[in-house]
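The values are calculated or read from the model by the stated rules, or taken from the named source; none is laboratory data. A quick note: this is a predicted structure, and the numbers were derived from the prediction, not measured. So basically every Cβ, Gly included, is an ideal-geometry build from the backbone, and we count neighbours across all protein chains shown. Ligands, DNA and RNA are excluded from the accessible area calculation, which covers all protein heavy atoms including side chains. Shrake-Rupley method; radii C 1.70, N 1.55, O 1.52, S 1.80 Å.
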Number of protein chains: 2
Amino acid sequence: MFQINDNYQKLPGSYLFSTIAKKVAAFQEANPDKQIIRLGIGDVTQPIAPAIIEAMHKAVDEMAHAETFRGYAPDLGYDFLRNAIVENDYKARGCEITADEIFVSDGAKSDSGNIQEIFSEKNRIAVCDPVYPVYVDSNVMAGRTGTYDPTSETWSNVIYMPTTKENGFVPEFPKETPDMIYLCFPNNPTGTTITKAQLQAWVDYANKVGAVIIYDAAYEAYISEDDVAHSIYECEGAKTCAIELKSFSKNAGFTGVRLGYTVVPKELKCGDVSLNAMWARRHGTKFNGAPYIVQRAGEAVYSEAGKAQLKEQVAYYMKNAATIKNGLVEAGFEVFGGVNAPYIWLKTPDQMTSWEFFDYLLEKANVVGTPGSGFGPSGEGYFRLTAFGSYENTCAALERIKAL
Amino acid sequence: MFQINDNYQKLPGSYLFSTIAKKVAAFQEANPDKQIIRLGIGDVTQPIAPAIIEAMHKAVDEMAHAETFRGYAPDLGYDFLRNAIVENDYKARGCEITADEIFVSDGAKSDSGNIQEIFSEKNRIAVCDPVYPVYVDSNVMAGRTGTYDPTSETWSNVIYMPTTKENGFVPEFPKETPDMIYLCFPNNPTGTTITKAQLQAWVDYANKVGAVIIYDAAYEAYISEDDVAHSIYECEGAKTCAIELKSFSKNAGFTGVRLGYTVVPKELKCGDVSLNAMWARRHGTKFNGAPYIVQRAGEAVYSEAGKAQLKEQVAYYMKNAATIKNGLVEAGFEVFGGVNAPYIWLKTPDQMTSWEFFDYLLEKANVVGTPGSGFGPSGEGYFRLTAFGSYENTCAALERIKAL
């Protein structure tokens with residue numbers, strides 16, 4: 001008689017954004033006349049840039065003719081894309097990363113969920129609190145997190161590193177030593193980040209205690225300040241302790257196009273075992289490459305035209321971020337983030353819980369955001385708004401919030 | 001100090017097709033003047049059908065405008081595709097499968113590697129021998145397979161069901177009771193299949209012993225005989241014991257486009273726990289949907305024009321299959337498969353091992369095939385040729401083989 005993976009039964013509730021979607025759908029059904037503005041999930045709204053559209057049309061045409069048709073892609077990604085990544089995201093920043101350390105994938109969510117597979121189930125993970133739910137949930141499914149305490153909303157075997165206004169949203173080294181440390185900067189959900197010097201301290205710590213850092217750099221394109229690292233490999237020693245996850249979703253609007261990549265340096269080892277070889281084996285066995293058309297779209301992100309168009313797109317969203325930030329401050333809210341990231345993290349007013357504020361905002365302003373507590377216990381009393389709406393909707397939402 | 005998933009260290013050698021690619025590359029480098037014909041890996045060569053190309057261009061254009069732009073897809077796939085699948089692949093065949101039992105993915109390789117995750121690591125798997133390597137390797141990585149014996153090339157905790165000419169390539173019920181049974185019909189690698197009545201017996205067996213069947217129907221479109229089931233859900237009782245994996249790679253040439261789906265019926269349960277809900281949770285946590293453009297391509301597979309064009313494409317490959325089969329018989333080989341599947345499985349001549357014949361064919365005829373032993377110990381002494389080349393190359397390869 002077959003048995004299931006019992007770890008799944010430990011997962012409380014459903015995935016955060018599914019819960020929000022259901023609540024919003026119920027509200028809309030009960031109030032069909034209300035114009036809801038969605039600043040909740042981090043989904044982009046601007047169309048794909050012209051240079052990328054052109055590249056995709058060209059790739060589609062190639063698939064239409066036997067001479068240019070492409071079947072299975074190389075397991076780890078086409079050279080044209082891996083080389084463009086190396087040149088632009090690493091070499092241009094002085095990071096010595098080579099093409100065979102780049103693993104092209106169907107997106108950073110898949111990679112951030114799957115990366116834990118190559119590690120022992122005995123490893124203990126550390127996460128910032130609040131945190132992107134996938135890091136924790138994928139480790140729950142793998143049986144690494146111990147038991148769940150519904151009162152504290154924490155797992156017995158997870159090390160939580162609170163990032164709140166009290167510590168300036170900079171995680172402190174934990175008292176207990178972790179084996180795997182998930183870091184995401186600029187941060188989702190808080191929209192805050194840490195300096196390159198602070199990131200260097202984390203790299204030094206990881207090398208000292210023998211931990212691996214899973215570094216999620218999905219929001220790198222939104223960095224506006226000089227002392228913030230765009231890649232963890234800007235830090236000395238990162239290649240012996242860090243894996244970096246990158247997304248095309250936010251810098252190029254690929255949430256519905258699906259493309260990402262993971263960097264596993266060849267110097268990253270456990271004893272004699274190369275993690276680069278392990279991840280290559282995982283890719284080769286359980287994945288069959290990102291679509292050719294999508295990899296050509298990714299290549300166009302790095303073309304001169306693509307770069308110029310995407311710079312404008314990022315600026316568009318960051319104008320929204322400033323609009324939200326300034327509007328909220330004007331309305332008397334305490335606000336964080338929004339300078340190096342497209343997320344604004346606000347303190348809920350009047351001691352409201354995060355979900356109370358979610359309901360309040362949905363009902364009174366018909367604006368959807370994300371409850372901070374959905375990202376972890378230290379997110380309680382906070383709320384996330386995203387800058388990924390249209391400028392018009394963003395302004396309208398802020399007018400509604402200011403009028404509350 | 002972090003530790004790795006030790007199960008990866010148990011995996012012998014590299015992924016079969018990587019090994020072949022390296023051998024072929026080495027031969028080509030040493031013999032730059034030789035025209036190698038590749039009938040090894042099951043990669044298609046015909047261009048994408050016009051109706052699908054048109055749908056992709058249209059979808060690319062939609063992504064270029066804010067009003068029609070699509071961000072994150074629904075976790076489990078767009079309704080337009082799930083509904084088309086239900087209508088064409090199930091309802092039209094009298095199978096009662098609903099859209100919420102369909103999970104759209106980036107391909108059947110990912111699904112066939114990932115599906116084991118929702119099951120207990122204590123489950124014992126049964127596989128046909130020879131077998132598509134992903135079923136076994138993904139279970140090795142998960143720690144379900146025990147220890148590897150390099151002499152017999154088998155795992156201590158895997159139940160092997162030999163399929164050879166002695167039993168007509170029909171697996172027999174194993175002596176020990178398995179928890180999870182991987183079945184693939186029409187079969188990769190042997191190109192043979194079983195009748196609907198024989199499949200019904202497997203469904204009855206699984207329901208009786210409480211096993212789950214992972215049914216890989218990737219080659220369904222190549223079925224030419226009436227008494228062969230296109231879906232396991234044509235068998236009575238399959239919804240309480242079977243998960244079905246489907247690919248668009250072979251019926252529509254999507255090996256480089258990437259699209260597949262998995263059916264997990266709501267009636268499939270372990271005690272009170274719904275496997276449909278578990279797989280939905282896995283999808284929602286570790287996957288972010290197939291690209292919008294690719295899902296529109298999938299929809300076009302089911303359009304009237306798409307169906308007509310793909311019928312021709314399948315016929316083209318099956319003409320190759322007949323060419324290979326007849327040519328090999330003429331050359332004195334003992335040959336199986338090729339009637340309901342695009343694979344031809346031949347007995348190696350003169351007691352050659354599979355790899356000896358691989359080297360012989362590569363060196364003497366400059367033709368690449370796949371050694372049967374790469375698919376499992378009972379594949380020793382067999383060799384696979386695929387019908388996915390161009391007609392011209394297929395004829396040329398057979399002329400060379402006949403001239404040996």
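If the chain linking A:GLU304 and A:SER274 were pulled fully straight, counting 0.36 nm for each residue of separation and taking away their Cα-Cα distance, it would gain 7.2 nm.
Listed cross-link partners A:LYS325/A:LYS402; B:LYS91/B:LYS239; A:LYS250/A:LYS347 are compared with a 19 Å cut-off, the Cα-Cα value being larger for A:LYS250/A:LYS347. Does region A:68-192 come out rounded, prolate or oblate by the C-alpha gyration tensor, with a ≥ b ≥ c the root eigenvalues, rounded set by a/c under 1.5 and, if not, prolate when a/b is larger than b/c and oblate if not? The shape class here is prolate.
Comparing Cα centroids, region B:193-215 and region B:231-250 end up 11 angstrom apart. Under 19 Å of direct C-alpha separation, and excluding same-chain neighbours fewer than eight residues apart, B:LYS10 reaches these aspartates and glutamates: A:GLU117, A:GLU121, A:ASP272, B:GLU117, B:GLU121, B:ASP137, B:ASP149, B:GLU153.
Going by a ≥ b ≥ c, the root eigenvalues of the Cα gyration tensor, does the protein assembly as shown fall in the rounded group (a/c under 1.5), the prolate group (a/b larger than b/c) or the oblate group? Verdict is prolate for the protein assembly as shown.
Think of each Lys and Arg Cβ as +1 and each Asp and Glu Cβ as -1; about the Cα centre, that makes the dipole of the protein assembly as shown roughly 0 debye.
Spherically averaged projected area of the convex hull of Cα atoms, region B:202-270: 5.1 nm². At a threshold of 8 angstrom on Cα-Cα distance, excluding pairs fewer than six apart, so keeping six or more, what relative contact order does region A:255-383 reach in percent? Averaging sequence separation for qualifying contacts and normalising by length gives 13 percent for region A:255-383. In terms of overall dimensions, region A:1-139 has a Cα radius of gyration and Dmax of 21.2, 56 angstrom.
Once C-alpha pairs closer than 8 Å and six or more residues apart are averaged by separation and normalised to the residue number of chain A, the relative contact order reads 23 percent. About its Cα centre, chain B has a charge dipole of approximately 320 debye under the convention of +1 per Lys or Arg Cβ and -1 per Asp or Glu Cβ, with nothing else charged.
Pairs A:LYS165/B:LYS286; B:LYS122/B:LYS266; B:LYS58/B:LYS307: which exceed 21 Å Cα-Cα?
A:LYS165/B:LYS286; B:LYS122/B:LYS266
Calculated on the alpha-carbon coordinates, the convex hull of region A:28-104 measures out at 211 cubic angstrom per residue. Projecting 7 Å from Cα along the Cα-to-Cβ direction, the label point of A:LYS266 sits 5.3 nm from its equivalents in the other copies, listed shortest first. The accessible area of A:LYS364, taken with all protein chains in place and a 1.4 Å probe, comes to roughly 140 Å².
At 0.692 mPa s and 37 °C, plugging the Kirkwood radius over alpha-carbon pairs of region B:83-129 into Stokes-Einstein gives what diffusion coefficient in µm²/s?
Working: Rh = 13.1 Å.
Result for D is 251 µm²/s.
Think of each Lys and Arg Cβ as +1 and each Asp and Glu Cβ as -1; about the Cα centre, that makes the dipole of region A:306-404 roughly 420 debye.
Between copies, A:LYS175 shows label-point distances of 5.8 nm, shortest first, with the point placed 7 angstrom from Cα along Cα to C-beta.
Each copy carries a label point for B:GLY13 at 7 Å from Cα toward Cβ; from one copy, the others' points are 5.0 nm away, ordered from shortest. Average accessible surface for region B:307-378: 40 Å² per residue, computed with a 1.4 Å probe over protein heavy atoms with every protein chain in place.
Here's the picture: charge each Lys and Arg Cβ at +1 and each Asp and Glu Cβ at -1 in chain B, and of B:ALA331, B:PHE173, B:ALA315 the one pushed furthest to the positive end of that dipole is B:ALA331.
What's the long-distance tail for region B:252-404, i.e. % of Cα pairs beyond 26 Å?
48 percent
Copy B relates to copy A by a rotation, and the B residue whose beta-carbon is nearest that axis, with the distance in whole angstrom, is B:ASP106, 3. Applying the Karplus relation 6.51 cos²θ - 1.76 cosθ + 1.60 with θ = phi - 60° to region B:367-375 yields 3J(HN,Hα) values of 10, 9, x, 10, x, x, 5, x, 9 Hz, where x marks Gly and Pro. Shown here for region B:8-107: GluC sites (Glu not before Pro) in loop regions (DSSP other than H, G, I, E, B) with at most 12 other Cβ atoms within 10 Å, namely B:GLU67, B:GLU96. Under a Gaussian network description of chain B, with springs only between Cα atoms under 10 Å, the residue in B:THR262, B:THR370, B:THR323 that fluctuates furthest is B:THR323.
Here region A:1-64 and region A:296-329 have alpha carbon centers that stand 20 Å from each other.
Where the eigenvalues come from the Cα gyration tensor of chain B, what are the semi-axes √(5λ) of the equivalent ellipsoid, largest first, in whole Å?
32, 27, 21
Using just the C-alpha positions of region B:5-69 as equal point scatterers, what log10 of I(q)/I(0) does the Debye formula give at each q in 0.14 1/Å? Per q value, in the given order, log10 I(q)/I(0) is -0.76. Considering only B:ILE52, B:ILE118, B:ILE36, the Gaussian network model of chain B with Cα springs below 10 Å gives its largest mean-square fluctuation to B:ILE118. Only protein heavy atoms count here; on that basis, with a 1.4 Å probe, A:LYS266 has an accessible area of about 90 Å². Counting only whole DSSP H helices of chain A, the ones at least 18 Å long by C-alpha along their axis and with mean Kyte-Doolittle hydropathy no lower than 0.0 are A:16-30, A:50-63. Pairs of Cα atoms in region A:314-388 fall into 5 Å distance bins, from 0 up to the last occupied one, in shares of 3, 18, 26, 28, 17, 7, 1 percent. Straight-line reach from A:LYS311: taking Cα to Cα under 14 Å and skipping same-chain neighbours fewer than 8 places apart, the aspartates and glutamates in range are A:GLU220. Taken over the alpha carbons of region A:154-301 as equal point scatterers, the Debye sum produces base-10 log I(q)/I(0) values at 0.16, 0.21 Å⁻¹ of -1.00, -1.41.
Relative contact order of region A:1-145, taken over Cα pairs closer than 8 Å and 6 or more residues apart, is 27 percent.
Largest mean-square fluctuation among B:ASN88, B:ASN187, B:ASN276, in a Gaussian network model of chain B whose springs join Cα atoms under 10 Å apart, belongs to B:ASN88.
When only DSSP loop residues count, what trypsin sites (Lys or Arg not before Pro) in region B:92-143 have their Cβ near at most 13 other Cβ atoms within 10 Å? In loop regions of region B:92-143 (DSSP not H, G, I, E or B), the sparsely surrounded trypsin sites (Lys or Arg not before Pro) are B:LYS122. Among A:SER138, A:SER274, the sequence by solvent-accessible area, most first, with a 1.4 Å probe is A:SER274, A:SER138.
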